[in-house]
Amino acid sequence: MPKVSDDYKERKRESLLESALKCFGEKGFHSTTMDDIVAYSKTSKGLIYNYFKSKEELYLELMQERTKLTFERINEHFKNCETATEKMRELFKMYREITLTEEWRHLIRVHMEFWINSARHENLQNIMLDRYKKQYLQFMNEIIEQGKKSGEFKKEIQAELVSSIFWAYIDGICLHYSVVEEDELYKQQFKQTEEMIMNYILTK
């Protein structure tokens, strides 16, 4: 048998992840089966299990890929930001001006559904919490501490509390939009949330 190249394996893996995302978005995480993903990707069940042992593992890989791309995009935007205030403003702008597509709404619904599902399974919950703390909270904590050190942000604010509030607002607004689907309301919610949080943390 001819040897399969690493490039081919990576392209096949990415294809399976994209097929899974579409299936999760259309049918929901719980309703989607590995057979659905096999059918959508036009591959074999034996092949898909060579890459992923379960639907949960497939989702976790998909989530990690999306998280990596998200932070790469944020860091690209941060190249022109020197202060903590500029970084916070840029983050809100990125979320406020995101292209509001049906695919993006599907992604939000799948993410939230899996979050809820993970709370019922200790191993998944530990994975999700570890990701949240080590990637999302830590990322925001560093910005808040930078702002406190530079005198931009109030010394008395708690970095981890502000970080958790920020991500809670992000999740809440995005989830609300995935159901309500009102573009202008989404933008206004982010604009108002930005002012509330910035007023809370800024020294002036």
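Among the residues examined, K148 does not qualify as charged (D, E, K, R), in contact with a strand residue (DSSP E or B) (Cβ under 9 Å, 6 or more places away or on another chain) and more than 14 Å from R89 (Cα to Cα).
Annotation: of all residues in the stretch 23-46 being touching a residue at least 40 places away in the same chain (Cβ under 8 Å) and either among the charged types (D, E, K, R) or within 14 Å of M63 (Cα to Cα) (or both), the one that is surrounded by the most Cβ atoms within 10 Å (Cβ to Cβ) is F24.
In the set L16, L60, which member is in contact with a helix residue (DSSP H, G or I) (Cβ under 6 Å, 6 or more places away or on another chain), under 24 Å from W104 (Cβ atoms) and either surrounded by fewer than 17 Cβ atoms within 10 Å (Cβ to Cβ) or among the aliphatic types (A, V, I, L, M) (or both)? Answer to the selection: L16.
Listed by first and then second residue, the pairs with beta-carbon distance under 8 Å, at least 6 apart or on different chains, first residue in the stretch 152-181 and more than 21 Å from T70 (Cα to Cα), second part of a helix (DSSP H, G or I) and charged (D, E, K, R), are K154/K148; K155/K148; I157/K148; A159/E145; A159/K148; E181/R105.
No other residue among N126, N75, N117 is free of Cβ contacts under 8 Å to residues at least 12 places away in the same chain, under 22 Å from S54 (Cβ atoms) and not in a loop (DSSP other than H, G, I, E, B) apart from N126. A residue that is modelled with pLDDT of 95 or more, part of a helix (DSSP H, G or I), crowded, with 17+ Cβ neighbours inside 10 Å and not polar (S, T, N, Q) can be found somewhere in the stretch 153-164.
Taken together, the residues in the stretch 49-67 that are over 9 Å from the mean Cα position of the chain (by Cα) and assigned to a helix (DSSP H, G or I) amount to 12. Within the stretch 113-140, the set of residues being small (G, A, S) and either under 14 Å from the mean Cα position of the chain (by Cα) or surrounded by 13 or more Cβ atoms within 10 Å (Cβ to Cβ) (or both) comprises just one member, S118.
The values are calculated or read from the model by the stated rules, or taken from the named source; none is laboratory data. No experiment lies behind these values; they were computed from the predicted model shown. Because the Cβ atoms are built from the backbone with ideal geometry, glycine has one as well, and the counts that use them run over all protein chains shown.
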